[in-house]
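The values are calculated or read from the model by the stated rules, or taken from the named source; none is laboratory data. Note that the structure is a prediction, hence the values are computed from the model and not measured. Using ideal geometry, Cβ is built from the backbone for each residue, glycine included, and neighbour counts are taken over all protein chains shown. Side chains included, ligands, DNA and RNA excluded: accessible areas come from the protein's heavy atoms. Shrake-Rupley method; radii C 1.70, N 1.55, O 1.52, S 1.80 Å.
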Amino acid sequence: MDAPTVWRADATVNKRRTFRKFSYRGVDLEQLLDVSSEQLMEMVPCRARRKFKRGLKRKPMGLIKKLRLAKQNALPNEKPSTVKTHLRNMIIVPEMIGSVVGVYNGKTFNQVEIKPEMIGHYLGEFSLTYKPVSHGRPGMGATHSSRFIPLK
Amino acid sequence: MIRVLNTNVHGHVNIMYALTAIKGVGRRYANMVCKKADIDMTKRAGEFNAEELERIVEIIQNPLQYKIPQWFLNRQKDHTTGKYSQLVANGVDNSLREDLERLKKIRVHRGIRHSRDLRVRGQHTKTTGRTGKTVGVTKKK
């Protein structure tokens with residue numbers, strides 16, 4: 001019952017991706033790549049705007065340089081090589097679109113391909129820091145009612 | 001019962017409060033729309049003729065043209081289109097679904113939490129939010 005509905009939903013999602021042109025706040029992808037930083041600040045949510053306003057002194061410069069290098073060295077029709085970073089607090093900017101970033105989650109570098117829909121979010125939001133919980137059977141003493149049983 | 005914007009609106013209720021039956025229109029927005037429409041606010045919803053109701057519907061759907069300020073609207077600086085609008089009736093449900101779909105598609109943490117029916121806003125989930133979820137130990141007999 002679940003499998004066919006999921007497949008159909010995926011198909012419509014893919015159709016939407018290819019038919020509907022992407023636009024962030026009314027601005028198309030090509031224009032986004034040329035937008036200046038002040039214009040970007042207007043479009044982005046207030047948290048990101050605050051971060052940009054408070055200055056990008058030297059934090060992301062290394063990362064952006066490496067991303068540019070990787071993109072230049074990439075062959076056409078191939079993804080650029082992964083750039084690893086610990087900078088989970090880096091906001092995704094149109095310049096980064098198409099790069100592959102390895103975001104640290106404390107233990108490993110999770111590979112994230114930057115898509116245009118991700119603008120305005122932090123890099124850390126795409127790299128889960130915890131293993132999702134799958135509970136086992138609750139043991140003795142988990143609830144009040146199960147504490148008296150352990151006497152043989 | 002009048003049919004406005006795909007919703008049934010009670011006819012015996014005051015017009016301002018009758019409009020709140022429409023999803024996306026609350027008391028404040030209904031008040032604003034009635035004022036901009038120049039209608040008698042003391043009358044009941046059933047007492048209006050079709051032309052006035054049409055005027056109200058137009059104002060609800062095009063708030064910016066009728067000088068309702070941008071900060072009053074419920075969909076400001078939309079994520080994909082950048083427009084300012086007021087979502088009403090089906091639009092509210094559709095846009096909510098689309099927003100969640102967008103988050104899930106990008107695989108943001110927020111989207112993952114939504115798809116697993118967990119708390120999204122950073123709340124502790126160890127002891128709260130138990131309605132519907134079962135926690136217990138089964139006794140062996």
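As a summary of the residue check, A:K79 satisfies the conditions (1) surrounded by fewer than 17 Cβ atoms within 10 Å (Cβ to Cβ); (2) in a helix (DSSP H, G or I); (3) touching a strand residue (DSSP E or B) at 6+ places or on another chain (Cβ under 6 Å) except for the one numbered (2). Of all residues in segment B:48-72, those that are without any contact (Cβ under 8 Å) to a residue 24 or more places away in the chain, of a type outside the set (D, E) and surrounded by fewer than 17 Cβ atoms within 10 Å (Cβ to Cβ) total 8. Among the residues of segment A:108-128, are any among the charged types (D, E, K, R), open to solvent by 100 Å² or more (accessible area, probe 1.4 Å) and within 26 Å of B:K105 (Cβ to Cβ)? No: zero hits.
Exactly one residue among B:K83, B:K104 is assigned to a loop (DSSP other than H, G, I, E, B) and either in contact with an Asp or Glu (Cβ under 6 Å, 6 or more places away or on another chain) or at the interface with chain A (Cβ under 10 Å from one of its Cβ atoms) (or both), and that residue is B:K83. Candidates are the residues of segment A:63-76 that are over 19 Å from the mean Cα position of the chain (by Cα) and open to solvent by less than 100 Å² (accessible area, probe 1.4 Å); the one that is nearest to A:I92 (Cα to Cα) is A:L69. For segment A:91-105, the criterion of being within 12 Å of chain B (Cβ to nearest Cβ), on the phi > 0 side of the Ramachandran plot and under 12 Å from the mean Cα position of the chain (by Cα) is met by no residue. Keeping to segment B:92-129, report how many residues are among the hydrophobic types (A, V, I, L, M, F, W, C) and open to solvent by 70 Å² or more (accessible area, probe 1.4 Å). Result for segment B:92-129: 1.
Between A:K66, A:K71, A:K84, A:K59, the distinction of being assigned to a loop (DSSP other than H, G, I, E, B), farther than 24 Å from B:R102 by Cα, out of contact with any Asp or Glu (no Cβ under 7 Å at 6 or more places or on another chain) and among the charged types (D, E, K, R) belongs to A:K59 only. The number of residues in segment B:44-73 being part of a loop (DSSP other than H, G, I, E, B) and out of contact with any strand residue (DSSP E or B) (no Cβ under 8 Å at 6 or more places or on another chain) comes to 6. In this entry, A:M90 is excluded by the filter for residues that are touching a helix residue (DSSP H, G or I) at 6+ places or on another chain (Cβ under 8 Å), exposed (fewer than 15 other Cβ atoms within 10 Å of the Cβ) and not polar (S, T, N, Q).
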